[in-house]
1. Exactly one of (1) under 26 Å from residue 117 (Cβ atoms); (2) modelled with pLDDT under 95; (3) over 17 Å from the mean Cα position of the chain (by Cα) is unmet by residue 75. Its number?
2. Residue check, residue 122 against (1) touching a helix residue (DSSP H, G or I) at 6+ places or on another chain (Cβ under 9 Å); (2) surrounded by 18 or more Cβ atoms within 10 Å (Cβ to Cβ); (3) under 24 Å from residue 12 (Cα atoms), all met but one. Which one?
3. Hey, among 6, 54, which residue is more than 21 Å from residue 121 (Cα to Cα), exposed (fewer than 15 other Cβ atoms within 10 Å of the Cβ) and at pLDDT 95 or above?
4. Does residue 36 qualify as being farther than 27 Å from residue 128 by Cβ, modelled with pLDDT of 95 or more and in contact with a helix residue (DSSP H, G or I) (Cβ under 7 Å, 6 or more places away or on another chain)?
5. Just checking, which of 41, 96 is closer than 22 Å to residue 128 by Cα and part of a loop (DSSP other than H, G, I, E, B)?
6. If I go through the stretch 63-88 residue by residue, how many of them are more than 17 Å from residue 10 (Cβ to Cβ), in contact with a strand residue (DSSP E or B) (Cβ under 8 Å, 6 or more places away or on another chain) and part of a helix (DSSP H, G or I)?
7. So residue 60 fits all but one of (1) in contact with a helix residue (DSSP H, G or I) (Cβ under 8 Å, 6 or more places away or on another chain); (2) under 30 Å from residue 9 (Cα atoms); (3) free of Cβ contacts under 8 Å to residues at least 60 places away in the same chain; what number is the exception?
8. Criterion first (outside any loop (DSSP other than H, G, I, E, B), touching a residue at least 40 places away in the same chain (Cβ under 8 Å), over 19 Å from residue 120 (Cα atoms) and touching a helix residue (DSSP H, G or I) at 6+ places or on another chain (Cβ under 7 Å)) does residue 12 satisfy it?
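The values are calculated or read from the model by the stated rules, or taken from the named source; none is laboratory data. This structure is a prediction, so every number in the text was calculated from the model and none was measured. Ideal geometry is used to build each Cβ from the backbone, glycine not excepted, and the neighbour counts take in all protein chains shown.
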């Protein structure tokens, strides 16, 4: 990754955070629940954090995990698209040093009428 005065100097990721939650279009999905996986990628200029070893100069991925968990376990959504959107927006709102956030939400073994490992929605939010 190249960096310069106008380019961020890093990426911070949370990979494959796994939750049991009750999301889906059908009443049965929301009643029975299922497994969901979430990836978060945050673009951030963390050169100062790298130079000073100071958490306040970068994104706090423990706080990001808590945000994801609160949203995915705290509400019931019909669509994983909305779930990915809301997670990305919340992270962008709370992590002021994040320049952009990519969120992937995977519903494991979705009810599609046949074998399917997962359905996935990806959302990108960019700080304006």
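1. If we test residue 75 against (1) under 26 Å from residue 117 (Cβ atoms); (2) modelled with pLDDT under 95; (3) over 17 Å from the mean Cα position of the chain (by Cα), just (3) comes out false.
2. (2)
3. Of the residues listed, the single one that is more than 21 Å from residue 121 (Cα to Cα), exposed (fewer than 15 other Cβ atoms within 10 Å of the Cβ) and at pLDDT 95 or above is 54.
4. So residue 36 fits the description; yes.
5. When all the criteria are applied, what remains is 96.
6. Residues that pass the stated criteria total 12.
7. With (1) in contact with a helix residue (DSSP H, G or I) (Cβ under 8 Å, 6 or more places away or on another chain); (2) under 30 Å from residue 9 (Cα atoms); (3) free of Cβ contacts under 8 Å to residues at least 60 places away in the same chain applied to residue 60, the lone miss is (1).
8. So residue 12 fits the description; yes.
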